[in-house]
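Student: The structure follows.
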Amino acid sequence: MAVEIERKFIAKFIPQGATPARMLQGYLLNSREKTVRVRVVRRERGEDACLTIKGAGSPSGTTRYEFETPISPEEARKLLVLCDGKIIEKTRHELHAHGH
């Protein structure tokens, strides 16, 4: 199981060459101890989807265990119907530079 390092950045502008990724995201379970999330991502090349399980965070709040597995976009849409609360729609802009 991987360890996720929580790092969030808000860009003041979208750099030239960044490609948009539209996301639909919902939570099947969202508690302090664990989170189960389903996400559909639409990019220029097509759609991907995944199911993610996250464990409790470290005492410092900077890391937590994460398991993510790909699922079909069709399966993800069926799971989104079961999610609690609102379905989140967002756009991330991906920029790959210097191998990152």
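The values are calculated or read from the model by the stated rules, or taken from the named source; none is laboratory data. Since the structure is predicted, the reported quantities are computational estimates derived from the model, not experimental observations. Every residue, glycine among them, receives a Cβ derived from its backbone with ideal geometry; neighbour counts consider all protein chains shown. For the accessible areas, the whole protein counts, side chains as well, though only heavy atoms, and no ligand, DNA or RNA atoms are used. Shrake-Rupley method; radii C 1.70, N 1.55, O 1.52, S 1.80 Å.
Student: Among 53, 85, 73, which residue has its Cα furthest toward the positive end of the charge dipole of the chain, with +1 on Lys/Arg Cβ and -1 on Asp/Glu Cβ?
Tutor: Working it through, the farthest residue towards the positive pole turns out to be 85.
Student: If you roll a 1.4 Å probe over the heavy atoms of the protein chains, what accessible area per residue do you get for the chain, in Å²?
Tutor: 77
Student: Follow-up question, since we're still on this one. Of the listed peptides 34-44, 49-59, what is their order by residue-averaged count of other C-beta atoms within 10 Å, with the highest listed first?
Tutor: Ranked from most to least packed, the peptides come out as 34-44, 49-59.
Student: For a protection proxy built on the mean count of beta-carbon atoms within 10 angstrom, sort 66-75, 20-29 highest first, please.
Tutor: The packing order, highest mean first, is 20-29, 66-75.
Student: Work out the count of Lys pairs in the chain where the Cα-Cα distance is under 25 Å, with the pair 8 or more places apart or on different chains.
Tutor: Taking the Cα cut-off of 25 Å, the pair count is 14.
Student: Averaging sequence separations of C-alpha pairs under 8 Å and six or more residues apart, then dividing by the length of the stretch 3-99, give the relative contact order as a whole percent.
Tutor: This gives 35 percent for the stretch 3-99.
Student: Using a 1.4 angstrom probe on heavy atoms only, work out the carbon and sulfur share of the accessible area of the stretch 26-100 in %.
Tutor: 53
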